[in-house]
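A short write-up of the structure that comes next.
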Amino acid sequence: KIDVMAIFESSLFFRLRNSLGNVVTYTYCGKGVLRGKPLCVRNPRTPAQQVVRLRFKAAGRLSAYFRKVALLGFPASYAVQSHNAFVGANLSIFDVDENMQVRPDYRRLVCSQGKLEKPAVSLRISGYRIRAEVSEQQLSAYCSHTDTIYAVLWDCQYPGCCIVKIGKRQGRYTTAPFAYPDGFDLRHMFIYAFAVSANGKQASPSVLLFPE
């Protein structure tokens, strides 16, 4: 709490712009104001605020692996805006228990956001190779045959992330098989997909894929 001690007009006062002991002097609306300094500066550390800080810290660390994904999935004028959007979208995937231990749920991870329709994609895995099957979708203002579909492979134990360009929304087709990166393990891997418009200014929400 800050208490105003006095308000007055004085030519002498206008030459004062400083603090005197526990008193601070300043000008407000053309009048001199004296007020006392706050007795203490509070830095609240309630459990709820600690949870927020922990989630921001965890989302910030995660974003380091998803920089390229954020640029595609959260289109913006500046890279920092894409980064901040990714962090904000993924705060809720981190659960914090009563011991302030953070546990991520990567099933809820968000790789992209936007108004485009989600892509219709399924995956088949054979050995170390993945084949994507794209299903036909009804075209609209938010679902164009020029949209590009991307897959995101995230190994949470390695850890590592990579982006694979699947193709366009051009009817039903199956892609050529592609290999996931060395060091990645299917047991620790999550795969997501999203679509981006031809001009790169719009994206769809991402979807979690369950390979067959």
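Computed quantities for the displayed model
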{"read-out": "Cα gyration tensor, the range 76-212 - rounded (a/c under 1.5), prolate or oblate", "value": "oblate"}
{"read-out": "Heavy-atom accessible surface of the range 39-105: percent carbon and sulfur, 1.4 Å", "value": "56"}
{"read-out": "Net charge contributed by nearby residues that have their C-beta within less than 14 Å of Q202 (K/R +1, D/E -1)", "value": "+2"}
{"read-out": "Whole-angstrom gap from the range 52-118 to the range 168-212, using each part's C-alpha centre", "value": "18"}
{"read-out": "Sorted peptide list for 47-53, 192-198, criterion being average Cβ within 10 angstrom, highest first", "value": "192-198, 47-53"}
{"read-out": "15 Å beta-carbon shell around T148, net charge (K/R +1, D/E -1)", "value": "+4"}
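The values are calculated or read from the model by the stated rules, or taken from the named source; none is laboratory data. Because the structure is predicted, anything quoted here is derived from the model rather than measured. No Cβ is skipped: glycine too gets one built from the backbone with ideal geometry, and neighbour counts run over all protein chains shown. Protein only, heavy atoms only, side chains kept; ligands, DNA and RNA dropped before computing areas. Shrake-Rupley method; radii C 1.70, N 1.55, O 1.52, S 1.80 Å.
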